[in-house]
Each structure stands twice: as structure tokens, then as C-alpha cells.
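Worksheet for the structure shown next.
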Amino acid sequence: EKAGYKHFMLKEIFEQPWAIKETLVGRLSMEHGDVHLPEINIDSTTLAGLSRVVLLACGTSWHAALVGKFLIEQLARVPVEVDYGSEYRYRQPIVSAADLVVVITQSGETADTLAALREARRHGARSIAICNVIGSMATREAEGTVQTHAGPEIGVASTKAFTTQLVALVLLALRIARARGAMTPDQVRPVLQALTELPRHVEQVLSCAPYIEDIARRFYQCSDFLFLGRGMHYPIALEGALKLKEVSYIHAEGYPAGEMKHGPIALIDEHLPVVTLAPRDHVFEKMLGNVQEVKARGGSVIAITEEGEPHLWSLLDPQRDARLVLPPVHPLMSPITMTVPLQLLAYHVAVRRGCDVDQPRNLAKSVTVE
Ligand code: M6R
């Protein structure tokens, strides 16, 4: 059942091109420059009248929610709040019928997320569940759904469920944007095109697996890692750190790169590898600044960047640092492509350390208790 792979986690990482295609099936309308999501059960007039979107989730799904905030605010121009299910349920949230609550949960059975959904619905909020399990509790309790169709995820560490949640969030952001008139069909079409090309781009990233295995071989004995990203890649840094913690038991922290100088910089020494996510976006120069700061303090950098950037390599020392160059993609897709090498890094480090990657200690696939 592992289809020749050593672990479910690896199989599921490699299934991502297929899983993303499944999430997209029947949902893109090039003709109308729009997205079909009838199963959200919320009409365009209601979407147009929303005063706010609230994204609720736990763990990896909460990282998807953080990316979702960037996507929905940028594309649909509606304010978005993100919270942990476990916090939201106890903080007397201000919520009304003009709010759309979107719970994000792979399993659809996470107790904290379900409790948060119930709390929001009690106050009259409209609701949608982004979920990977058809018929699960979240899909039954929310008014509408966006199924991710990634297929069963067996590995306890979420991989393909996360990247397909990101795809579902792009789709939902586009639908809300169209309903509110925040984007024209002509503005939506290039994003639809980028989504269509995404499975092929993820395939290309997966072909870098041997390089990542090599990076894992060089760094697997380290006892701490720092992950840095900016903008939409800051939640991906958090996800990279969580993945490494979960499967390899290495202490790892994710930070928005601009926060490094406000504290974590104190940790940097020759024993701390810093994984920097540096896509060629409007804050690329700022990431170069972070790389220089790490190098100036003797840290090692594992830089993940996109083809065509000439500057980063010159800052790195091939003996001490590592660089992974990914194919250039549409800016809204790079959180997805950049996730893949972080999953592979966590996997290969964990395997080298002899950890049980599919069943990490103390973790369960779905957390159905508080
Ligand atoms: O099924 P859910 O998406 O609601 O699960 C939420 C978290 O428990 C889950 O993402 C957890 O953090 C995983 N172990 C991540 O790899």
C-alpha cells in the first residue's frame, strides 16, 4: 500500500502533483475567469456583503490559514482574522452574521476546530469547511464545504493535505474576489493558468529530491534549526519548522525574517543552520539582508530560492552553506512549491536519525480530544 515507497510520508509527498490536480478538477472556468465552488453553499450576494472572513484551524492547517489571510486579503480585499481553534472557542469572539467562518481541517474531526466552528455558528456566522475527508464532522456541521480531494493521508505529518488546502484557499479567495468585484475575469485568468501549471511545477521540485537528501546528510546531526520567510512564506517557514520537529524531534523555530533581529538572532552560531525561503518577490532584497546577518555571525544558511536570481550564491560558502534552486512560478504559487523541499528535508533528516516518520512519538493523526 506504500506503492514502493519506504514510508507513507514519502509516498504522500510524491503524490502532490496528482493531489493538486484532483483539488482543481472541474473548478476552473477560463471562459468566465472564475472558479466553480457551488458546494460552498453561499451565494455571491452574501459573499459580496461579508464584513470579514475568520479562518480557524490547528497545527499545519493553521499554517494554511495564515497563508489564506494573505491570499484573501490581497485578492478579495476583505479583512481576514486567523485564530487557533483552541483559542477561539474560549475567548468570547466578536462574531456576527456578516462574518464568514472558514474552518480548515484535513480530518474534519479535530475537537478544537469543531468547537470553534460551533461557537461561531452559535453567533450566526456563515460557515465553510475546507476538508479532506468526505462525510467528516466538519463537513456535516458547516453550511458548505471545499473538499481538497487529496486522497487518504496516512502519515501523521500532514503533507499533501496541506498543499491542497493552500490550493483550496486560492480557489476560495478567487471566488470571493469575483463575487465582490475585487477582480475582473481578466485578472483571474492568469491565476487560473498558474494553477493549471502547478502540478507540473511541483513535479519539477520533486525532481530535486536527491539534492535535498544531500542537504539532509550534511545537516541531520544539528540539534536546532531556524526557518525564515517573509510575507506568504512566513507561514511556510513555520510549517517547515513544525514538520522537522514532528518527524525528527529536532528543535526548530519558524520566524518572519524581519523578526530575526528582535530576538532569535541571539541563537545564531556555527551550530545553527538557518533555512531561508527566498523567492524572487518584492522582499527578495530583504532576505539577502537576513542571509548576510546570519553569515556575519558564523551561521550556516540553507537557501531555497528561484531560478534566475544571481545574488544569493555569491553570499554563500559552498562548504558550509547549501542552496536549492526551484523553477520560477507565479507569486501566488510559490508558498506551495517552497513547501515541498521543506517536507523532504524533514523526511530525510528524520530517516537519517532513525525516527519513525509515519508514526512520530506522542502524535496522533487526528486529535479528537481537547
Ligand atoms: O485534521 P486537522 O487538519 O484538523 O489537524 C490539525 C492538526 O492536528 C494537524 O495539522 C497536526 O498539526 C499534524 N500533525 C501536522 O503535521
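The values are calculated or read from the model by the stated rules, or taken from the named source; none is laboratory data. Because the structure is predicted, anything quoted here is derived from the model rather than measured. Cβ sites come from the backbone with ideal geometry, for glycine too, and all protein chains shown count toward neighbours.
So the values come out like this:
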| quantity | calculated |
| --- | --- |
| Some residue of the range 207-216 being buried (at least 18 other Cβ atoms within 10 Å of the Cβ) and either of a type in the set (Ser, Thr, Tyr) or within 14 Å of the ligand (Cβ to nearest atom) (or both) | no |
| Selection count where residues are within 16 Å of the ligand (Cβ to nearest atom) and closer than 22 Å to Thr23 by Cβ, scope the range 85-117 | 12 |
| Yes/no for Thr164 being modelled with pLDDT of 95 or more, in contact with an Asp or Glu (Cβ under 6 Å, 6 or more places away or on another chain), crowded, with 21+ Cβ neighbours inside 10 Å and of a type in the set (Ser, Thr, Tyr) | no |
| Single residue of Leu244, Leu198, Leu272 found to be of a type outside the set (Lys, Arg) and within 16 Å of the ligand (Cβ to nearest atom) | Leu244 |
| Qualifying strands (runs of 3 or more DSSP E) (wholly inside the range 1-108; at least 1 residues being hydroxyl-bearing (Ser, Thr, Tyr)) | 80-84, 99-105 |
| Residue in the range 118-130 that is assigned to a strand (DSSP E or B), within 12 Å of the ligand (Cβ to nearest atom) and in contact (Cβ under 8 Å) with a residue 40 or more places away in the chain present | yes |
| Cross-chain or 6+ apart pairs with Cβ under 7 Å, the range 344-370 first and more than 11 Å from Glu246 (Cβ to Cβ) and of a type in the set (S, T, N, Q), then within 12 Å of the ligand (Cβ to nearest atom) and not in a loop (DSSP other than H, G, I, E, B) | Thr368/Ala111 |
| So Glu143, is it modelled with pLDDT of 95 or more, within 12 Å of the ligand (Cβ to nearest atom) and among the charged types (D, E, K, R) | no |
